[in-house]
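Remarks on the structure that follows.
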Amino acid sequence: MKIQSGRSRAYRIVSLIILIILAFLFTFPLYWIITGAFKSSAVNNSPQPTWWPTEWVTDNFKALFKQRTAPLWEIFMPFGSFTNPEKNRVVLFAGPDAPAAFRWLINAVFMAVAAMVITCVTAAMAGYALAKKRFNGRALLFSLIVCAMALPKQVILIPLLKEMSGLRLYGSLWAVIFPTVGWPFGVFLMKQFSEGIPGEILEAARIDGSSEWNTFTTVVMPMIKPGIGALAIFTFINCWNDYFMQLVMLDANNVYTISMGIATLQAETSTDIGLLMAGAAMASVPIITIFLIFQKYFTQGIAMGAVKG
Amino acid sequence: MAKQSKQPMSRALQRRENIAGYLFMLPCLIFFIGFVVIPMIICILTSLTDTNMHDPGLIGGSFIGLDNFVRLWGDKDFLAALKNTFVIVIVSVPTVCAFSLWVSSAIYKMKGPVLSAFRCIFYLPVVTGSVAVTVVWAWMYNNYYGIFNYVLKGLGLIEGRINWLGDERFALGCIILILFTTSVGQPIVLYVSALGNVDTTLIEAAQVDGATEMQVFWKVKWAQMMPTTLYILVITTINSFQCFALIQLLTKGGAGTDTVMYRIYWTAFKLTEQAGHFGYANAMGVVLAIFIGLLSAVQFKLAKEK
């Protein structure tokens, strides 16, 4: 017994050391982005790495902001392209000109938030129906949804693109948002959460004369709140990271997201590492901050969804 | 109560459930059918035609039967891409699962703040964002001013500089390494909570019966975590198949890193002799979807048998 506990203590210490080394390795890329953003290009381009910046410079951010400009925001007329023969979008309001990087950030936030809100609403409703409503065709719909979950988006890329240009959505952020909402993972997750609602409560609400919609908003919603929270963060991060859809659907500087913007910068100026790191820092710091604020709900949420699944 | 619910519902009640059910499903179905199901059907239909970029309409081109698939079978580049895709999946899925299982079992008993610190750290590469991660790794792998060459040379492990992303021997491995760091975050979160939920009475019973720690782990905890493992296998497989940003931004499919994902994109949009050959690209998509379907089915089956 004693020998074993000595061995298990040794094992624990060794594994702790390995964990700490791994933790350093996993944080290193982020550290390298942030310090790289504040190092001069001579320092970044030397074969001898500078582990801690000797002097902090902001040249990279200045260069990034000077790169190009775009209106800070633009609000388009819905379906405006149908109103003129050139199929141009019609701008209703445009913000003041600003460095394009800020516009990209605004675009990315708008895109991810819109996808998040629409997904949460549609998935919560559908998940509740699949879990608690005994309608005809329910099993078939659910298996269709589970099958579609494994399907990579690249498979349907071309039809989606043609559809979007048919709807005149190609090149707008909605072309990224709608397919994200259509992705059925959220429905699956919300179904798992809704399964936990006791049928008696719903029955009681019905007997009390509550309408279906009322039951959903006042009884069901509060009970699946943790699930909605997890789904919200999950969709936000997924949509933000979905470089592929952004690459295919967005066509011009003004509608780029921050990820697309940096990817374009990389293609154009792959030698200016500082500039790229400044862009990467702008893209990653906001989302990491959001994650750290909500990480408790997030980790709880994804774990709960899976355990029930 | 329970007896009643097993009886068939009255017709009026069934109609009510149908109406309510479909009304609740409606917003979701609009998006799901519009942007997943219909494109999938079009994808299958166009894979049977010779459509290209310039054909108008959703399908276009003329029907050529299974010609695209026959051509794929003899297309060396496609087969190489298929092989690479499978190498990525076969290497990354087991390593991600084993690694995250080990990390989780090492951290799940730690105190709250330490545990969540570790969890966050392993999740960082996911939230940093695929493009930002790729950009910084490109720099680290760089031939001249990357830290990989500097550190490995300093340690005496390599002699000359290695062009990591340009060398066929290393490029795919380098991509798998990045993919690995961005894939372990979610499995770790899942395993930590699964380990925390293992029924402690079973563990105690096993310990009373004289089971060693290893036995307790594999016979009790591992068995109870099977649903989590299955879920992790499926999401990691899907993730590995979808790795696109890494390849598009790092190698553009060169140096033996072409994958089916990248090839679909390349066949459809890049200026080559086959540019805009949508029918052919869609055929690749269909083949890939079939493979993924089969793989998921096998995984489910294996997990169920256990």
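Taken together, the values in this text are just the output of simple stated rules run on the coordinates, not laboratory data. All values derive from a computational prediction rather than experimental measurement. Positions of Cβ are generated from backbone atoms using ideal geometry, with glycine treated the same way; all protein chains shown enter the neighbour counts.
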Check: In Å, what is the Rg of the alpha-carbon atoms in the protein assembly as shown, and how long is Dmax?
Finding: 25.8, 85
Note to self: Compute the distance from the alpha-carbon center of segment A:178-198 to that of segment A:123-162, in whole Å.
What the structure shows: 9 Å
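Tell me the trypsin sites (Lys or Arg not before Pro) within segment B:88-193 that lie in a loop according to DSSP and have at most 16 other beta-carbon atoms within 10 Å.
Numbers: sites: B:109, B:111, B:119, B:153, B:161, B:169; in loops: B:109, B:111, B:161, B:169.
Within segment B:88-193, the qualifying trypsin sites (Lys or Arg not before Pro) (loop, at most 16 other Cβ atoms within 10 Å) are B:109, B:111, B:161, B:169.
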Margin query: Considering only C-alpha atoms, what is the centroid distance from segment B:155-197 to segment A:220-251, in Å?
Written below: 25 Å
Notebook entry, point to check: Once every DSSP H run of n ≥ 4 in the protein assembly as shown is given -39500 (n - 2.57) and the sum is divided by its residues, what mean residue ellipticity at 222 nm do you get, rounded to the nearest 500 deg cm²/dmol?
Noted result: -22000 deg cm²/dmol
Next item on the list: Could you give me the radius of gyration and the Dmax of segment A:33-77, taking only the C-alpha atoms into account and expressing both in angstrom?
Entry: 15.3, 53
Checklist line | Per-bin percent of Cα-Cα distances, segment A:230-270 [10 Å] | finding: 29, 47, 20, 4
Check: Roughly how many Å is it from the Cα centre of segment B:233-249 to that of segment B:65-144, as a whole number?
Finding: 6 Å
Notebook entry, point to check: Could you give me the ³J(HN,Hα) list for segment A:129-141, computed from phi with Karplus coefficients 6.51, -1.76, 1.60 and θ = phi - 60°, whole Hz, x at Gly and Pro?
Noted result: 4, 5, 7, 10, 9, 8, 8, 5, x, 5, 5, 5, 4
Next item on the list: Would you grab the residues whose amide H sits under 5 Å from the one on residue A:74? Only those 5+ places off in sequence or on another chain, please, with H modelled 1.01 Å from N.
Entry: A:95
Next item on the list: List the relative contact order of segment A:70-308 as a percent without decimals, with contacts defined as Cα pairs under 8 Å and 6+ residues apart.
Entry: 27 percent
Notebook entry, point to check: What number comes out for the charge environment of residue B:104, summing +1 per Lys or Arg and -1 per Asp or Glu over other residues with Cβ under 14 Å away?
Noted result: +3
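Can you classify segment B:165-221 as rounded, prolate or oblate using the Cα gyration tensor, where a ≥ b ≥ c are the square roots of its eigenvalues, rounded means a/c under 1.5, and otherwise it's prolate if a/b beats b/c and oblate if not? Each step should come with its number before you reach the end.
On the way: a/c = 8.53, a/b = 2.77, b/c = 3.08.
Cα axes put segment B:165-221 in the oblate bin.
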Checklist line | Amide H within-cut-off set for residue A:69, under 5 Å, with H built and near neighbours excluded | finding: A:100
Checklist line | Cα-based radius of gyration of segment A:53-154 once divided by 2.2 N^0.38 Å, which approximates compact folds | finding: 1.73
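Could you sort the peptides A:55-65, B:252-262, A:254-264 by per-residue average Cβ neighbour count (10 Å cutoff), highest mean leading?
Details: A:55-65: 15.5, B:252-262: 21.2, A:254-264: 25.3.
Packing proxy ranking, top to bottom: A:254-264, B:252-262, A:55-65.
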Margin query: Positive end of the dipole of chain A, charges at C-beta (+1 Lys, Arg; -1 Asp, Glu), about the Cα centre: which of A:219, A:17, A:40 has its Cα farthest in that direction?
Written below: A:17
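What does the C-alpha gyration tensor say about the overall shape of chain B? Classify as rounded when a/c is under 1.5, otherwise prolate if a/b is larger than b/c, or oblate.
Working: a/c = 2.20, a/b = 1.06, b/c = 2.09.
Here chain B falls in the oblate category.
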Next item on the list: Work out which GluC sites (Glu not before Pro) in chain B are exposed loop sites (DSSP not H, G, I, E or B, at most 15 other Cβ within 10 Å) and give the longest gap free of them.
Entry: B:1-158
Next item on the list: Report the dimensions of segment A:70-308 along its three principal axes from the alpha-carbon atoms, largest first, rounded to Å.
Entry: 63, 44, 35
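Per residue Cα convex hull volume for segment A:140-259, in cubic angstrom? Provide the component values of the computation, followed by the final result.
Numbers: hull volume 17.0 nm³, N = 120.
Value for segment A:140-259: 142 Å³ per residue.
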Margin query: Give me a comma-separated list of calculated 3J(HN,Hα) values for segment A:112-128, in order, Karplus coefficients 6.51, -1.76, 1.60 applied at θ = phi - 60°, integers in Hz, x for any Gly or Pro.
Written below: 5, 5, 4, 4, 5, 5, 5, 4, 4, 5, 5, 5, 5, 5, 5, x, 5
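Over all residues in B:287-295, what is the mean tally of Cβ atoms on other chains that come within 10 Å of each residue's Cβ?
Working: counts 1, 4, 7, 0, 0, 4, 3, 0, 1.
Average per residue, whole number: 2.
Note down the relative contact order for segment B:192-306 as a percent, whole number, built from C-alpha pairs under 8 angstrom at least six residues apart.
Values: 62 pairs, mean separation 22.6, N = 115.
Relative contact order here is 20 percent.
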Checklist line | Segments B:217-224, B:177-184, A:9-16, A:187-194 sorted - mean Cβ within 10 Å per residue, highest first | finding: A:187-194, B:177-184, B:217-224, A:9-16
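Which shape class, rounded, prolate or oblate, goes with segment B:156-294 when its Cα gyration tensor gives a ≥ b ≥ c as root eigenvalues, a/c under 1.5 marks rounded, and past that a/b bigger than b/c marks prolate?
In terms of gyration-tensor shape, oblate.
Quick one: putting +1 on the C-beta of Lys and Arg, -1 on the C-beta of Asp and Glu, what dipole do you get for chain B around its Cα centre, in Debye to the nearest 20?
Values: 22 positive and 16 negative charges, 180 e Å.
The dipole magnitude comes to about 860 debye.
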Next item on the list: Show the residues, 5+ positions off or on another chain, whose built amide H is closer than 5 Å to the amide H of residue B:49.
Entry: B:64
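For chain B, return all DSSP H helices satisfying: extent of Cα atoms along own axis at least 27 Å; mean Kyte-Doolittle hydropathy at least -1.0. Walk me through the numbers before you get to the answer.
Details: long enough: B:11-32 (30 Å, 0.60); B:76-107 (46 Å, 1.45); B:278-305 (40 Å, 1.23).
Span-like helices here: B:11-32, B:76-107, B:278-305.
When Cβ neighbours within 10 Å are restricted to other protein chains, what is their mean count per residue of peptide A:43-55? Could the numbers behind the result be given before it?
On the way: counts 1, 2, 4, 3, 10, 3, 6, 0, 1, 0, 0, 0, 0.
Per residue, the average neighbour count from other chains is 2.
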Checklist line | Ellipsoid equivalent to segment A:250-296 - semi-axes via the Cα gyration tensor, in Å | finding: 24, 15, 6
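Counting partner chain Cβ atoms within 10 Å of every residue's Cβ in A:179-187, what's the average? The partial results should precede the final answer.
On the way: counts 5, 2, 8, 12, 4, 5, 2, 1, 5.
Neighbouring Cβ atoms belonging to other protein chains average 5 per residue here.
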